[in-house]
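K.L.:
Quick one: the structure is below, questions incoming.
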Amino acid sequence: MFGLQLISQMKTGDCIYHLLALQTFDREAVARHTVTVRCSDQGQPAQHRELVIRVEVDDVNDSPPVWPSSAPMSLAVLENQPTGAPLGFARAEDADVGPNAVIEYRLEPPEILADLAIDPASGQLTTARSFDRETQASLSFRVVAVNPAPPGFSATAEASLRILDENDNQPIVTEDTPRTVTVSEGAPVGTVVTRINATDADEGPQRFRFTIKSGGGGKFVVRNNGEIALSGQLDRELTAEHQLLIGVADSGVPSQRTEFRLNVLVGTLTTRRQDLSSRRLRGLARHIR
């Protein structure tokens, strides 16, 4: 590992040696070596003395930055957070020391800078805007760790950001839900008038609570599945039309709510009988032909 080379020998008998390295060294493997040099004279008995030399291996920039894991970096942020919300730190390592171990961070591709920011020195990631999960649920990008010292090294890590849901969307009554329905005044209690269908853009189970907030005169009830059913007999001569205000609330926290107006027209028994008679006559006519 080490050797001595005689450089000069003086008349006084003093000698000068060079301490030589007999191999190459890797500072990242062993940064310090201890060498013991023993000097002995020619006398009888020989006298000697030892010198302990500690050798520090100087660093050269021969180690690139290394990410602690080969797995993609996974981050998350709640939607609607303000610009500058902290996401975490990117941490790469460099086995060199001093200026050779300096790491600077950047994000790729360039267009990701509209969404995210990174501190070049600390590697802290923050949002560059507020996110809406219903518009964009996730995004992918790369974090590059750069060692600017010559000859220059870099390492790239794949990363992703998941936008976490916040219950920020009201339920929506779907278009397939009729706004006006007709029910006969002779319909029995329990008859299903219609069903309210709702949806919600937020994540999670699509569970809703339905309530009749006003209207109906106590003649209607709304079930857990959104069905509107009769809870009393209808009398067209008293009320020919009922206007129900239906409340729809989701199961999120905090709960979001909306309202829906349903018009219920009350048909007469005579109209119903006429309709049945007309159907029988049409059926009889087809049979005669």
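This table checks each residue for (1) under 17 Å from residue 181 (Cα atoms); (2) among the hydrophobic types (A, V, I, L, M, F, W, C); (3) outside the structural domain of residue 187 (by TED's automatic domain parsing).
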| site | (1), (2), (3) |
| --- | --- |
| 203 | no, no, no |
| 219 | yes, no, no |
| 222 | yes, yes, no |
| 225 | no, no, no |
| 236 | yes, no, no |
| 244 | yes, yes, no |
| 251 | no, no, no |
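K.L.:
Which of the residues that make up region 241-272 are buried (at least 17 other Cβ atoms within 10 Å of the Cβ) and acidic (Asp, Glu)?
P.N.:
250
K.L.:
Residues that are closer than 16 Å to residue 263 by Cα, surrounded by 14 or more Cβ atoms within 10 Å (Cβ to Cβ), among the charged types (D, E, K, R) and in contact (Cβ under 8 Å) with a residue 40 or more places away in the chain: does region 217-229 have at least one?
P.N.:
Residues of region 217-229 closer than 16 Å to residue 263 by Cα: 217-222, 226-229.
Within this subset, residues satisfying the condition of being surrounded by 14 or more Cβ atoms within 10 Å (Cβ to Cβ) are 219-222, 226-229.
Keeping just the survivors that are among the charged types (D, E, K, R) gives 219, 227.
Of the ones still in play, those that are also in contact (Cβ under 8 Å) with a residue 40 or more places away in the chain are none.
The answer is no, given that none of the residues of region 217-229 is closer than 16 Å to residue 263 by Cα, surrounded by 14 or more Cβ atoms within 10 Å (Cβ to Cβ), among the charged types (D, E, K, R) and in contact (Cβ under 8 Å) with a residue 40 or more places away in the chain.
K.L.:
Next question, about the same structure. Here are some residues: 71, 90. Which one is out of contact with any helix residue (DSSP H, G or I) (no Cβ under 8 Å at 6 or more places or on another chain), within 30 Å of residue 166 (Cα to Cα), loosely packed, with under 10 Cβ neighbours inside 10 Å and among the hydrophobic types (A, V, I, L, M, F, W, C)? Spell out the reasoning first.
P.N.:
Values: 90 fails: loosely packed, with under 10 Cβ neighbours inside 10 Å.
After ruling out the rest, the residue left standing is 71.
K.L.:
Please enumerate the residues belonging to region 1-53 that are farther than 30 Å from residue 64 by Cα, in a strand (DSSP E or B) and not hydrophobic (A, V, I, L, M, F, W, C).
P.N.:
Passing the criteria: 3, 5, 8, 9, 17, 18, 36, 38, 40, 48, 49, 50.
K.L.:
Here's a follow-up. Is it fair to say residue 232 is in contact with a Ser or Thr (Cβ under 9 Å, 6 or more places away or on another chain), part of a loop (DSSP other than H, G, I, E, B) and outside the structural domain of residue 135 (by TED's automatic domain parsing)?
P.N.:
Against the criterion (in contact with a Ser or Thr (Cβ under 9 Å, 6 or more places away or on another chain), part of a loop (DSSP other than H, G, I, E, B) and outside the structural domain of residue 135 (by TED's automatic domain parsing)), residue 232 does not qualify.
K.L.:
Where residues in region 54-94 are in a strand (DSSP E or B) and of a type in the set (D, E, K, R), which of them is nearest to residue 168 (Cα to Cα)? Working first, answer last.
P.N.:
Narrowing region 54-94 to residues in a strand (DSSP E or B): 54-56, 66, 73-78, 86-89, 93.
Keeping just the survivors that are of a type in the set (D, E, K, R) gives 54, 56, 93.
On the way: 54: 66, 56: 61, 93: 40 Å.
So the residue we want is 93.
K.L.:
Only one of these is under 30 Å from residue 101 (Cα atoms) and among the small types (Gly, Ala, Ser): 84, 43. Name it.
P.N.:
Values: 43 fails: under 30 Å from residue 101 (Cα atoms).
Unique residue meeting the criteria: 84.
K.L.:
Let me ask another. Tell me, which residue of region 62-83 that is small (Gly, Ala, Ser) and free of Cβ contacts under 8 Å to residues at least 60 places away in the same chain is farthest from residue 147 (Cα to Cα)? Spell out how you get there, then give the answer.
P.N.:
Step one: of region 62-83, the residues small (Gly, Ala, Ser) are 63, 69-71, 74, 76.
From what's left, free of Cβ contacts under 8 Å to residues at least 60 places away in the same chain: 69-71.
Values: 69: 18, 70: 19, 71: 21 Å.
Out of the qualifying residues, it is 71.
K.L.:
Quick check on residue 198: is it in contact (Cβ under 8 Å) with a residue 12 or more places away in the chain, out of contact with any helix residue (DSSP H, G or I) (no Cβ under 6 Å at 6 or more places or on another chain) and closer than 16 Å to residue 251 by Cβ? Before you say what the answer is, go through the steps one by one.
P.N.:
Working: in contact (Cβ under 8 Å) with a residue 12 or more places away in the chain: yes; out of contact with any helix residue (DSSP H, G or I) (no Cβ under 6 Å at 6 or more places or on another chain): yes; closer than 16 Å to residue 251 by Cβ: yes.
So residue 198 fits the description; yes.
K.L.:
Only residues that are assigned to a helix (DSSP H, G or I), of a type in the set (A, V, I, L, M) and loosely packed, with under 14 Cβ neighbours inside 10 Å: list them for region 95-131, please.
P.N.:
114
K.L.:
Further question on the same structure: Please find, among 107, 125, the residue that is touching a helix residue (DSSP H, G or I) at 6+ places or on another chain (Cβ under 8 Å) and not assigned by TED's automatic domain parsing to the domain that holds residue 30. Quick ask: steps written out before the conclusion?
P.N.:
Values: 125 fails: touching a helix residue (DSSP H, G or I) at 6+ places or on another chain (Cβ under 8 Å).
When all the criteria are applied, what remains is 107.
K.L.:
While we're here: Please specify each residue of region 27-59 satisfying the condition of being loosely packed, with under 12 Cβ neighbours inside 10 Å and within 30 Å of residue 151 (Cα to Cα).
P.N.:
Result: 29, 30, 32, 54, 56, 58.
K.L.:
Here's a follow-up. Against the definition (surrounded by fewer than 19 Cβ atoms within 10 Å (Cβ to Cβ), more than 30 Å from residue 101 (Cβ to Cβ), at pLDDT 95 or above and out of contact with any helix residue (DSSP H, G or I) (no Cβ under 8 Å at 6 or more places or on another chain)), how does residue 156 come out, yes or no? Quick ask: steps written out before the conclusion?
P.N.:
Values: surrounded by fewer than 19 Cβ atoms within 10 Å (Cβ to Cβ): yes; more than 30 Å from residue 101 (Cβ to Cβ): no; at pLDDT 95 or above: yes; out of contact with any helix residue (DSSP H, G or I) (no Cβ under 8 Å at 6 or more places or on another chain): yes.
Considered against the rule, which asks whether it is surrounded by fewer than 19 Cβ atoms within 10 Å (Cβ to Cβ), more than 30 Å from residue 101 (Cβ to Cβ), at pLDDT 95 or above and out of contact with any helix residue (DSSP H, G or I) (no Cβ under 8 Å at 6 or more places or on another chain), residue 156 comes out as no.
The values are calculated or read from the model by the stated rules, or taken from the named source; none is laboratory data. All values reported here derive from a predicted model rather than from experimental measurement. All Cβ positions, glycine included, derive from the backbone under ideal geometry; neighbour counts span all protein chains shown.
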